[in-house]
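Please read the structure below before turning to the comments.
A short reminder: the numbers here are calculations on the coordinates, not readings from a lab. Everything numeric here is computed off the predicted structure, so don't read it as measured data. Note that we place each Cβ from the backbone using ideal geometry, even for glycine, and neighbour counts take in every protein chain shown.
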C-alpha cells in the first residue's frame, strides 16, 4: 500500500510540474488563433517605481535633476543618448541595465520626453 501511495504522490507532483510549465511556456492566443501582441510597457509606471525617488514624483527634481517641462530634452537632446544614460548610468545616476528591460528603458525615456 505504501508503494501505491508513493506512486500516486509522484504522479501528482509530475502532473503539477507539467501543468505549471505549460502555463509559462505557451503564448496566449487571441480568439482568431494568432499570438497575442505583447502589452505595451507603461513609462509612467516605470518612472514612478524606478525614477521618482530621485527625480520627484512629478519629475520636478529632488536628489536627481528635474526632468519635467522639457528639462530632459534640453539636457539630453538625443533620445538615444538618454537611453544610454539610463542603461549605463552617469555621474550620480546608477545604471539600470539588468534592473529594467530595454522596453522599460525606452518607455521611461519616451515618458520623460513626451509626458512630463
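Couple of notes before you dig in:
- Check on residue 108, under 17 Å from residue 56 (Cβ atoms) and touching a residue at least 60 places away in the same chain (Cβ under 8 Å): yes
- Check on residue 107, touching a helix residue (DSSP H, G or I) at 6+ places or on another chain (Cβ under 6 Å), outside any loop (DSSP other than H, G, I, E, B) and surrounded by fewer than 16 Cβ atoms within 10 Å (Cβ to Cβ): no
- Residue among 69, 59 that is out of contact with any helix residue (DSSP H, G or I) (no Cβ under 9 Å at 6 or more places or on another chain) and on the phi > 0 side of the Ramachandran plot: 69
- Residue count, region 64-100 (criterion: exposed (fewer than 13 other Cβ atoms within 10 Å of the Cβ) and touching a residue at least 12 places away in the same chain (Cβ under 8 Å)): 3
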